[in-house]
1. So if a site counts as exposed when it's one of the trypsin sites (Lys or Arg not before Pro), its DSSP state isn't H, G, I, E or B, and it has at most 15 other Cβ atoms within 10 Å, what's the longest stretch of the chain without one?
2. Using the Cα centre of the chain as the reference point, and only Cβ charges (+1 on K/R, -1 on D/E), how large is the resulting charge dipole? Debye, rounded to the nearest 20.
3. For the stretch 54-111, with every protein chain kept in place, what is the accessible area per residue (1.4 Å probe, Å²)?
4. Can you give the FRET efficiency for Glu128 and Ser173, using 1/(1 + (r/R0)^6), R0 = 35 Å, r = Cβ-Cβ distance, to the nearest 0.05?
5. Tell me the carbon and sulfur percent of the accessible area for the chain, rounded to whole percent, probe radius 1.4 Å.
6. Rounding to the nearest 10 and keeping the result within 0 to 90°, find how far the Cα-based axis of helix 206-223 lies from the longest principal axis of the chain.
7. Would any residue of the stretch 1-17 have its amide N under 20 Å from a label point 7 Å out along Cα→Cβ of Ser28? List them or say none.
8. Could you please tell me the mean projected area of the C-alpha convex hull for the chain, averaged over all directions and given in square nanometres to one decimal?
Amino acid sequence: MLIKTKAIVISTLKFQEKSLIVKCFTQSDGLKSYFVRDAFSSRKSSRSGGPKMAYFQPLSILEIEAVHKNKGTLEHFKEIKIATPFRTIHADVIKSTIVLFLSEMLHHAIHEEEKNEPLFYFIESALEWLDNHNETANFHLILLLEITKFLGFYPDVSEIDFTFFEMNEGVFSPLHAISSLSEHETQLFKKLLDLKFDNEQKNFHVIERQILLRIIIDYYSIHLDGFKKPKSVEVLKAVFA
């Protein structure tokens, strides 16, 4: 079946010497993996005039035409072009580190091989926001917390006035359990729950952001089977240190 859709690049894997396996989150079909022959060659592609690898930077937003056989095997692109040309994300070391980390998180978090347009639109609009703003210190924290709404484990805030956040059930509680955050951690987490991208970005100290990052990674690990801690998290910490 020939499909035309937008697609967000989630991860790439080199295959043999010149080829690439590209995992994308597509607007039309959810998660799809594509085989790209000669991705590392200097040959120009037909539409944009650029090398193929230029398309496949972390979280690039593409417009693709592809053959989807839907047999559980690798699919193939017919045409590719950039849907949203980023001005700053891949040129700014902080933003490029953020998207590298987020792409690794999404690689381990999204497993849906079916359409999820609300999640696609949210990630797309969030990346456009990142590209157009300079104060981005909390961006990755807010985005990852918001994504839990689409993945089904956003914290239950109906009892948010309670003192402790219990990680396994995703609820606030008056009692401290083994799987609960400390009172201080819970206060930081409540503060994060109130934030949106456009809020003041200097809400947290560096150490507080690192605590929140650990909490979110742990929260994903608890609620997603097979989730792995991103290797790029240490690079992210260094950039924001």
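1. No qualifying site falls inside 116-195, the longest such stretch.
2. Computed about the Cα centre, the dipole is about 1500 debye.
3. 45 Å²
4. That gives a FRET efficiency of 0.40.
5. 52 percent
6. Helix 206-223 sits at roughly 70 degrees to that axis.
7. Of the residues in the stretch 1-17, 1-11 have backbone N under 20 Å from the label point off Ser28.
8. Mean projected area for the chain: 13.7 nm², to one decimal.
The values are calculated or read from the model by the stated rules, or taken from the named source; none is laboratory data. These numbers were taken from a predicted model, which means no experiment stands behind them. Neighbour counts are summed over all protein chains in view; Cβ atoms, including those assigned to glycine, are modelled from backbone coordinates with ideal geometry. Remember, those area values only see protein heavy atoms, side chains included, never the ligands or the DNA or RNA. Shrake-Rupley method; radii C 1.70, N 1.55, O 1.52, S 1.80 Å.
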